[in-house]
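So the structure is just underneath, and the comments pick up after that.
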Amino acid sequence: MAARTHTFQPPKGTRDFYPQDLAVRRYIESVWREVSINHGFEEIDGPTFEHLDLYTAKSGPGIVSELFSFRRAGGDVDYALRPEFTPTLARMYAAQAGALPKPTKWFSIGPFFRAERPQRGRLREHIQWNLDIIGDESVAADVEIISAAVSALQALGLSPKNIQIQISDRRVMETILLDEGISDPTHQEEVYILLDRRSKLSREEFAWEAGKIGLSKEFITHLDKTIDFVQGHHYSVALQQMFPGDAEVHHVLFELMVELESLDLSQWVQVDLGVVRGLAYYTGTVFEIHETSGEERAIAGGGRYDNLVELFGGPPTPACGFAMGDVVLRLVLEDRGLLKAAQECAPRPDAFVISAGKDEAEKQFRPLVAKLRREGLHARHSYRSTRNVGKLLGEAAKARARFAVILGDELKDGPPWRVVVKDLDSGKQENVKLDDLATMLRERQKQ
């Protein structure tokens, strides 16, 4: 009896990327990278796993249940797969703070991990774009971060009709909590964590959860009215009416909105005091990017974290940034028909070489493919045995090649050898000297 073979599946909450899937992923990453570079950011990366205490130092031991943590056999050091990049970034900056420019503008793209129940829009492994400015406490840094996020959304085909950036400032919410007599930082963090889940809960569920952490019904009603009022009015009116005579409370948020308006970004943004972000290290401006239909989780989120570098041994350093994951973003693009077909995301071959003749064509075929590749060109050929030009041109078109290079009977006349080059976009074709082929393809590559 033949032994049974075991069928292996990818771990729950992870993805296999076949060529067409990876082409789409690379397309999204290329937009992220291009926007980052155009906005003056430099690319960095760090280890995929860190010492576990890098995460517990700020968030406490409770975060361990949310991480993939491990200890190597026989070892005595605990590690964790990175759930986010900000602690790594703060550690890296702290290590070389004195030698780095002010401000420092960094971005990274890579895999991140969360030990949680997989569901639509949230997996255990995802690809994430991180964009940060370190060493600049001005509102201009916050504006630049948000502006870069908008550039990426626009490049992917999204618009204010389907995307909104909800902006707040933790210091405004802190003032509201202090007025309620909630001054204990631990209690405030409990409120922030609950508020971070507000959009996912019904009003009844939110009220019940709020009661569990000691918030009165009167305060919940006041909080709901405040958040709803600010959302429903222009920020210049809403903030002044909700905080009369105390402009210091909301002046940074007010200035931020004015600056965004000056960059013609007002259609993209809205003040929402209910946005606080659940991570404890945020200190001021916070924002989330949502689909207007509200069907998906936040596409991205970020804000200002002015104390984190100092926590990891660096000097007091202001910082702000955001992260955007590929899972929710891809769902939004697919749902709106904005994601390019997988085939269109893949790089186009410069040439598809076809042997359509005998003797000399067969002799020149493989050396030509190799030569084109050495010249830095993307060259492909068929692995089929047929020499039917029509079928091979169909294969070249399916591969989305720019040109088909046909080695036919013209080669039998001897040097200088010529080949037929067919433009697969226009259908035009011409005879080209074999020695001139690589130069001609490189020139067309630039057009």
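Coordinate-derived values only; no laboratory data. Keep in mind the model is a prediction, meaning the values are calculated, not measured. Note: ideal-geometry Cβ built from the backbone for every residue, glycine included; neighbour counts use all protein chains shown.
Side notes on the structure shown:
- Legend: calculated FRET efficiency, Ser426 to Ser262, from the Cβ-Cβ distance at R0 = 45 Å, rounded to 0.05, equals 0.50.
- Nearest 10 degrees, 0 to 90: helix 360-374 Cα axis against the chain principal axis: 30 degrees
- Difference of contour (0.36 nm per residue) and Cα-Cα distance, Arg400 to His6: 138.0 nm
- The candidate values are (i) 28.1, 94; (ii) 21.6, 66; (iii) 21.7, 76; the one derived from this structure for Rg and Dmax of the Cα atoms in Å carries the label (i).
- Helix 437-446 axis versus longest C-alpha principal axis of the chain: approximately 30°, rounded to the nearest ten.
- With 0.36 nm allotted per residue and the present C-alpha distance subtracted, the Ala57-Glu443 stretch has 133.4 nm of extension available.
- Inter-part distance, region 368-385 to region 179-233, computed on C-alpha centroids, equals 63 Å.
- Label-point separation in nm, Arg387 to Arg120, each point 7 Å along Cα→Cβ: 5.6 nm
- In plain terms, the residue of Tyr305, Tyr235, Tyr27 with the fewest other Cβ atoms within 10 Å comes first and the most crowded comes last, giving Tyr27, Tyr235, Tyr305.
- Given their separation in residues at 0.36 nm each and the Cα-Cα distance between them, Glu204 and Thr14 gain 65.0 nm when the chain is fully extended.
- Sparse-neighbour loop sites [GluC sites (Glu not before Pro); region 1-104; at most 16 other C-beta within 10 Å; DSSP]: Glu84
- Listed from fewest to most Cβ neighbours within 10 Å, the set Ile165, Ile127, Ile220, Ile213 follows the order Ile213, Ile220, Ile127, Ile165.
- Relative to the longest principal axis of the Cα atoms of the chain, helix 247-262 runs at roughly 20 degrees.
- Highest mobility in the GNM of the chain, judged by mean-square fluctuation with C-alpha springs under 10 Å and restricted to Arg203, Arg374, Arg117, is found for Arg374.
- Using the Cβ-Cβ distance between Glu344 and Ser293 with R0 set to 22 Å, the FRET efficiency from 1/(1 + (r/R0)^6) comes to roughly 0.30.
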